[in-house]
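**Student:** My structure is below; once you've seen it, I'll send some questions.
The values are calculated or read from the model by the stated rules, or taken from the named source; none is laboratory data. All values derive from a computational prediction rather than experimental measurement. With ideal geometry, Cβ positions are generated from the backbone for all residues, glycine too; neighbour counts draw on all protein chains shown. Just the protein is used for accessible areas: all its heavy atoms, side chains included, with ligands, DNA and RNA removed. Shrake-Rupley method; radii C 1.70, N 1.55, O 1.52, S 1.80 Å.
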Amino acid sequence: MQRDHRAALIRNLATSIILFEKCKTTVARAKAVRPIVEDLISKAKNKEPREAIRQINQIVFDKNATRKLLEVLKVRYADRTGGYTRVVKMGHRNGDAAQVVQIQLV
């Protein structure tokens, strides 16, 4: 059950990054979600639209995220070959002193 929970957390985080273009989280979660987001943008750019929609909908939870990938982000990153995300250190969290970062789209 723990693996299902982690997968859902990563998928939710990827959906939030696509919709809001930035998200505050811990370093470990940012490292886990970064390749997912990069892959989603690459799929939106390089695949045929029907195939891209099918593959993207398997990962993201919101249809608006799929729409944004195909209509906005595909055009924005048309000339970029990779490196769509940036991780910026924000400091430490008060409760448990975990390092907090902001992962954002470039």
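**Student:** Explain nothing, just the number: relative contact order of the chain, from Cα pairs under 8 Å at least 6 residues apart, as a whole percent.
**Tutor:** Once normalised by length, the contact order is 34 percent.
**Student:** Helix-derived [θ] at 222 nm for the chain: sum -39500 (n - 2.57) over DSSP H runs of at least 4, divide by residue count, nearest 500?
**Tutor:** Calculated at 222 nm, the ellipticity per residue is -16500 deg cm²/dmol.
**Student:** Now, a different point. Over the range 28-79, give the accessible area per residue in Å² for a 1.4 Å probe, as an integer.
**Tutor:** Accessible surface, normalised per residue, equals 61 Å².
**Student:** While we're on this one: Considering only protein heavy atoms and a 1.4 Å probe, what is the carbon-and-sulfur percentage of the accessible area of the chain?
**Tutor:** With neighbouring chains kept in place, the figure for the chain is 49 percent.
**Student:** Would you kindly derive the ³J(HN,Hα) couplings of the range 41-56 from the backbone phi angles with the Karplus curve 6.51 cos²θ - 1.76 cosθ + 1.60 (θ = phi - 60°), listing them in order in whole Hz, with x for Gly and Pro?
**Tutor:** Karplus-based 3J(HN,Hα) across the range 41-56 equals 5, 5, 5, 4, 6, 9, 8, 5, x, 5, 5, 5, 4, 4, 6, 5 Hz.
**Student:** Highest mean first, what order results for 10-23, 78-91 on Cβ atoms within 10 Å? Before the final figure, lay out each step's value.
**Tutor:** Values: 10-23: 18.6, 78-91: 11.6.
Those peptides, ordered most packed to least, come out 10-23, 78-91.
**Student:** Still on this structure: Take the Cα pairs of the chain, get the Kirkwood Rh, then feed it into Stokes-Einstein at 20 °C and 1.002 mPa s and tell me D in µm²/s.
**Tutor:** Once the numbers are plugged in, D ends up at 151 µm²/s.
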